[in-house]
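Read the structure below first, then the notes.
The values are calculated or read from the model by the stated rules, or taken from the named source; none is laboratory data. All figures in this text were calculated on a predicted structure; none of them were measured in a lab. Neighbour counts are summed over all protein chains in view; Cβ atoms, including those assigned to glycine, are modelled from backbone coordinates with ideal geometry. Areas reflect the complete protein model, heavy atoms only, side chains present, ligands, DNA and RNA absent. Shrake-Rupley method; radii C 1.70, N 1.55, O 1.52, S 1.80 Å.
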Amino acid sequence: MSLLEIRDLTIQYKTRKSVVEAVNGINLKIDEGKTLGLVGETGAGKTTTALGILGLVPNPPGVIAGGEIYFEGKDLLKAKDSEIRKIRGNKISMIFQDPMTALNPVIRVGDQIAEVIALHSGCSKSEASAKSIEMLELVGIRAERSTEYPHQFSGGMKQRVVIAMALACQPKLLIADEPTTALDVTIQAQVLEMMNDLKVRLNTSMLLITHDLGIVAETCDDVAIMYAGQIVEYGTLAHIFDNPMHPYTIGLFGSIPSLDKDVDRLTPIPGLMPDPANLPKGCNFCERCTRKCDRCAESEPEYLEVEPGHFVRCSNLNGGAENV
Amino acid sequence: MAKYIIKRILWAIPVLLGVLIIVFTITYLTPGDPVQTILGNGYTPEKYAKKAAELGLDKGYLAQLGSYIWNVVTRFDFGKSYMTNIPVITELTTRMGTTFSIAFLSIIVTILIGIPCGIIAAIKQYSALDYGFTSFALICSAIPSFVIAPVLLVVFGVKLRWLPLSGLDEWKSYILPVFVNALGGIALLTRMTRTSMLETIRQDYIRTARAKGLRESVIIWKHAMKNTMIPVITVTGSWLAMLMGGALIVELIFSIPGLGTYLYGGISNRDYPIINGSVILTAFIVCMMSIVVDILYAVVDPRIKAQFSSGKKKKKSVQAAKEAA
């Protein structure tokens, strides 16, 4: 069995007026030491999926309506609170999207890292703080800065602290939720390089959430494309990049500039994602699809394995571009 | 930090001087003649002139103000009461303790009840406990102390006879005045703490703390508490002045021999030195309290502290950074 296996996970946000279907029956698998990229636009349910793995979906209004999340063979959704707490920060840890707000402003950064070490390794406070300084140096922050507060750090430095904190207990699985979105490009490169390096050194598996396909190409082994709470295409890096099948994936590639092709205009995907509180009856992507057919609006497309390990959720795979 | 504290203390000086000038001017301009009040009916012009000269009331405004400030600043001399001829400072020092102890106990009670109520209401949002505390707070802040005090007096003092009606002779006599005085603050702190805690526990860094695998109690106490307290302290600071004013009124209702009753007596007798002295002392206490609050603020929030860290330290850290680079 893989390190992490998600089966048919469904997460909803229930309000009095409506039910927001954030994650609709997704299946994911991450093997030890591998990196899975979860790609999709804002609001596709990527962060909710990540929070679901850690049992951190804010409740209310969030409810995990169904599915199984197996980590090391154990269903996290059935585990007791105390068991999950032992896994959080220890075996699975998370790097959050916005480093500016992810650190507690009134606690010294060293203490924030030492806290998680002391909690899970059971070592003394002084050992934990020694280890926290080690972690800070690992991510390229000088030891004497460990007594400083988050407001004394720049955004990139804060993200390094967050990464140090996430890696402090040498987790089996690292969930990185858009770790570089809040950073500028040069710092992005540094942070990514550092994460890759650490991942190899500590043999950590990673779930990398992003909407940047460039980052995916650099870091991931497998890729899942998420749209409106569903995985629309899933495969290895080669499958997705060399042979994208789903019109949404193709659209994503069409909307990024390429160095080798000379085009005047990029081709964006027209339209917006459907309201997750009011998803269409058939295919969720139908409205924006360039090769939709009558079946698309009527029935939900099946999740097909088009080649070994390459899954696509589309009813009109061979329909070509007849309707364009 | 020391520099910050000294700065805050030095700032209190112009504030107090301002209070002194304003209060003195107001009493000076108040219609009514203290000499007449002292002498009563049937005095001769000579007697009047002699008394006025004795009290220094025959001089001009500036001369009176000047000598008042001089006496206060150099000798802590607030003059003598027109009525009793007892130096105001003697009365103030004996009565100050009473008022201060009521105010201080009120603060303690307010904090001990208001903050936990707010935290519980926030953690158990939309529970019966939350609705209970919130509506209690709403009711408390809506009823003024001069209404609630007589009601409590009738219930606990007259009907049930559990608590003494007036004075401050035993520990039981503190209960009603302190409670009445604290009520508004409890309501305020409960609501403020609740709002602030609700805001805090939705912050990303609380989610980070959860993702670390910490227990909920650790998250609340270690990660949310300090951040929750920052706006609460701000509000508490401005509430302290209200608390002192409330203490004066509560003293009147419960006939407690503190600054409030002294000030009230001074006002009804046009005893200007008493009015001036009591108001200035009250202002002094409020100033001291707000200094304590400001210091607390810097202790809780490192970002505030950083603003006031001394120039030397900054230079040192910059130098250290340069050397390391």
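Got a number for residues in the stretch A:90-117 being at the interface with another protein chain (Cβ under 8 Å from one of its Cβ atoms), under 22 Å from A:Asn203 (Cα atoms) and out of contact with any Leu (no Cβ under 7 Å at 6 or more places or on another chain)?
3
Checking the structure you have, find out if any residue of the stretch A:232-242 is under 14 Å from the mean Cα position of the chain (by Cα), at pLDDT 85 or above and of a type in the set (Asp, Glu).
The answer is no, given that none of the residues of the stretch A:232-242 is under 14 Å from the mean Cα position of the chain (by Cα), at pLDDT 85 or above and of a type in the set (Asp, Glu).
Quick one: which residue in B:Ala49, B:Ala103 is assigned by TED's automatic domain parsing to the domain that holds B:Ser268 and small (Gly, Ala, Ser)?
Result of the check over B:Ala49, B:Ala103: B:Ala103.
So if I check each of A:Glu137, A:Glu144, A:Glu193, A:Glu148, which one is more than 10 Å from every other protein chain (Cβ to nearest Cβ), more than 24 Å from A:Thr47 (Cα to Cα) and either modelled with pLDDT under 85 or open to solvent by 30 Å² or more (accessible area, probe 1.4 Å) (or both)?
A:Glu137
Which residue, of A:Gln112, A:Gln170, is under 18 Å from B:Thr208 (Cα atoms), among the polar types (S, T, N, Q) and open to solvent by 10 Å² or more (accessible area, probe 1.4 Å)?
A:Gln170
Name the pairs: first residue in the stretch A:57-86 and within 17 Å of A:Glu21 (Cα to Cα), second residue open to solvent by less than 50 Å² (accessible area, probe 1.4 Å) and part of a loop (DSSP other than H, G, I, E, B), Cβ to Cβ under 8 Å, at least 6 apart or on different chains?
Hits for this filter: A:Val63/A:Val57; A:Ile64/A:Val57.
Does the stretch A:222-233 contain any residue that is touching a residue at least 12 places away in the same chain (Cβ under 8 Å) and more than 21 Å from A:Val23 (Cα to Cα)?
No, that holds for no residue.
Need a quick list: helices (runs of 4 or more DSSP H) entirely within the stretch B:17-78 having at least 3 residues that are open to solvent by 60 Å² or more (accessible area, probe 1.4 Å) and on the phi < 0 side of the Ramachandran plot.
Those helices (runs of 4 or more DSSP H) span B:45-55, B:61-75.
Do the conditions hold for B:Gly97, that is, is it within 21 Å of B:Gly245 (Cα to Cα), within 19 Å of the chain's Cα centre (by Cα) and modelled with pLDDT under 90?
yes
Under the condition of being surrounded by fewer than 18 Cβ atoms within 10 Å (Cβ to Cβ) and of a type in the set (Ser, Thr, Tyr), which residue from the stretch B:204-257 is farthest from the other protein chains (Cβ to nearest Cβ)?
B:Ser255
Please determine whether any residue of the stretch B:148-169 is of a type in the set (A, V, I, L, M, F, W, C), within 14 Å of chain A (Cβ to nearest Cβ) and assigned to a helix (DSSP H, G or I).
no
With the structure loaded, tell me whether A:Glu233 is in a strand (DSSP E or B) and among the acidic types (Asp, Glu) or whether it fails that test.
yes
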